[in-house]
Amino acid sequence: MSVYVVRRTLQALLVLFVMSVLVFAGVYAVGNPVDILINPMADQIEREQAIAALGLDKPLWEQYTTFIEGAVTGDLGRSFVHAAPALGLILERMPATLELASAAMLIAVLLGIPLGLWAGLKPHSFAGRSIMAGSILGFSLPTFWVGLMLIMVFSVMLGWLPSNGRGPTVELLGVPVSFLSLEGWRHLAMPATNLALFKLALLIRLTRAGTREALLQDYVKFARAKGLSNARVILVHVLRNILIPIVTVIGLEFGSVIAFAIVTESVFAWPGMGKLLIDSINLLDRPVIVAYLMVIVTIFIVINLLVDLLYSVLDPRVRLAEAKG
Amino acid sequence: MSGAEAPVARAVESPAKRVFADFVANPTAVFGLALLALIVLLAVLAPLVSPQNPYDLAQLDVMDARLPPGSATADGGTFWLGTDDQGRDMLSAIFYGLRISLMVGATSTAFALVIGLTMGLCAAYFGGRVETLIMRVVDIQLSFPAILIALILIAVLGQGTGKVIAALVTIQWAYYARTVRGAALVEKRKEYVEAARCLALPPVRIVFRHLLPNCLPPLIVVATVQVAAAIALEATLSFLGLGLPITEPSLGLLIANGYQYLLSGKYWISFFPGLALLATIVSINLCADQLRDVLNPRLQR
């Protein structure tokens, strides 16, 4: 077990290293940073001073070493636009993104599992077919367009919900959050629903497939033969057995929800780190782009690592296969 | 599987014919295919069927800007879907936008298919280090969501049609490589490949003439799904202002243009291009769903 943990952690660190090289090489080496970082009106002497100050005259590997040394100590450079540490800017906006992503995941889980279960238990009923048709639509709907349509219906036509921003926030342990006030919920409702749609469709399909398979298993037949009530068979025997893959997918998909929040945040002007990334790409604010990519890549690698380790705890077969290989 | 008593006619039936016959058995899939055919036809024939050329500035009149659907044109026609902020007929803009969206989707899928196919076949056929290297790259890439990889690449490469296509190809090749490798590993162990090897055929010929055709069914399904995914991703990137340039407005850019007018109730500038995008993606996904069933050997009679 400990061998597996160590090996898997080393592998995660290697991926992190490779990604840092790729991100650095991509953002700093492709194209000429001098053209972008330095005022085009500057004369030759000013240019050279600026190049030396930014360390752009040094060989690339040395620039990378400086970058990594900074990264390890939490210094990912300063934003050109905001004149503030890039990492600070990202972390400042992270709670908003995490709140949005968590709310979206919650909606997807609370609706997706019951609907999927229903569709799995009665696949040929009208309700079952409708749920499946809805999930195909959920996969096909372009997220940003659904966001616009939500704004059109609920903000413009009905005037029920605000179309952008986070609303007034309440401090919780020093972190500003929206979900503690009614006004905050009104701001959160549409973006969270929008972000949840795709994952909702995924969870419905996953739960339905799992339920249909589980219903054919011997332990379900046995439970029924024992004369257990239908509710107990479904809630205890079926649900518990399909939950392992579902929990794994929820864990893995959380990272992708954070990534997809980029789109939703842009539509609803939600002040999270995804919107910061889009603004930074448009303004060519390279340190912020690099910082965002490093932060999100790290989040991903940590999530993947945790899910893998958790899986090996839940399912002994994974450990055994790894120990042999 | 047909037994020894199967009639001769059944034996000479081509796989394409059988697939087609099975495909049209499902009315939903036929609807998807018909819708897709109509969309492709409209996109290809855009210059002929559009009421105006939306990019010929001489045909635009700022006085026509932001007219609601059904408004009359100056010369007695109708703006069926309204006009945008420059007086452009939305219906024509959508036909031309479909052209660009489909072109980007199809081009990136074609390139990704060729690269992914070659990589996947190489991995399966050669095995060893080649396989480990290719599949490790595939695994790592697939553990990140497509939108994130696209944004990294756009941030690195810059913007433009060619770069968007390059980003889509980079994202997609991994799906094909994984699918092809999986199929090829199964096929590789079958007798016909062994027979071909015994005939001392060159590896290139075995891979492309014998392995490849038998790996095609799952690949066709993945490719269909990926065309839809590529179109959706390109639209998203264009909506974020990181995709195609304004000179080539795809559906995503049309939707983005309407964003600012949405809040004042002028819904049609965003609504109709989105509907066209949705119809395209749904029709492709419906076809893919049915193809998955038709091409799945486990479900064959």
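Below are the figures for this structure:
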{"read-out": "With Cα atoms, 0 to 90° folded angle of helix B:128-142 axis to chain B main axis", "value": "30 degrees"}
{"read-out": "Among A:Ser130, A:Ser163, A:Ser229, residue whose mean-square fluctuation peaks in a GNM of chain A (springs only between Cα atoms under 10 Å)", "value": "A:Ser229"}
{"read-out": "Positive dipole terminus of chain A, leading residue within A:Ser266, A:Leu141, A:Ala52 (C-beta point charges)", "value": "A:Leu141"}
{"read-out": "Viscosity 1.567 mPa s, temperature 4 °C, Stokes-Einstein D of the stretch A:120-171 from Kirkwood C-alpha radius, µm²/s", "value": "94 µm²/s"}
{"read-out": "For the pair B and A, total buried accessible area rounded to nearest 100 Å², probe 1.4 Å", "value": "3200 Å²"}
{"read-out": "Cα gyration tensor shape for chain A, rounded if a/c is under 1.5, else prolate or oblate", "value": "oblate"}
{"read-out": "Cα-centre dipole for chain A with unit charges at Cβ (Lys and Arg positive, Asp and Glu negative), debye to 20", "value": "2160 debye"}
{"read-out": "Within a Gaussian network of chain A (alpha carbon springs, distance under 10 Å), most fluctuating of A:Leu106, A:Leu150, A:Leu215", "value": "A:Leu215"}
{"read-out": "Max mean-square fluctuation residue, GNM over chain A, Cα-Cα springs under 10 Å, options A:Ser125, A:Ser135, A:Ser256", "value": "A:Ser125"}
{"read-out": "Rounded to the nearest 20 debye, dipole of the protein assembly as shown from Cβ charges on Lys, Arg, Asp, Glu", "value": "2920 debye"}
{"read-out": "Folded to 0 to 90 degrees: helix B:268-295 orientation relative to chain B principal axis, Cα", "value": "10 degrees"}
{"read-out": "About the Cα centre, charge dipole magnitude for chain B (Lys/Arg +1, Asp/Glu -1 at Cβ), debye", "value": "1300 debye"}
{"read-out": "Degrees separating the helix A:44-54 axis from the principal Cα axis of chain A, which is the longest one", "value": "40 degrees"}
{"read-out": "Listed pairs A:Lys199/B:Lys163; A:Lys58/B:Lys163; A:Lys275/B:Lys163; A:Lys122/A:Lys226; A:Lys199/A:Lys275; B:Lys17/B:Lys190 exceeding 27 Å between Cα atoms", "value": "A:Lys199/B:Lys163; A:Lys58/B:Lys163"}
{"read-out": "Cβ-based charge dipole, the stretch A:148-300, positive-most Cα from A:Ser229, A:Asn194, A:Leu161", "value": "A:Ser229"}
{"read-out": "Relative compactness, the stretch B:193-301, computed as alpha-carbon Rg over 2.2 N^0.38 Å", "value": "1.64"}
{"read-out": "Rounded if a/c under 1.5, otherwise prolate or oblate - the protein assembly as shown, Cα gyration tensor axes", "value": "rounded"}
{"read-out": "For the protein assembly as shown, with +1 on Lys and Arg beta carbons and -1 on Asp and Glu, the positive-most of B:Asn214, B:Ala150, A:Val295 along the dipole", "value": "B:Asn214"}
{"read-out": "Cα convex hull of chain B - mean projected area over all directions, nm²", "value": "20.1 nm²"}
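The values are calculated or read from the model by the stated rules, or taken from the named source; none is laboratory data. Nothing here was measured: the structure is a model prediction, and the numbers come from that model. Cβ: placed from backbone, ideal geometry, glycine included. Neighbour counts: every protein chain shown. For the accessible areas, the whole protein counts, side chains as well, though only heavy atoms, and no ligand, DNA or RNA atoms are used. Shrake-Rupley method; radii C 1.70, N 1.55, O 1.52, S 1.80 Å.
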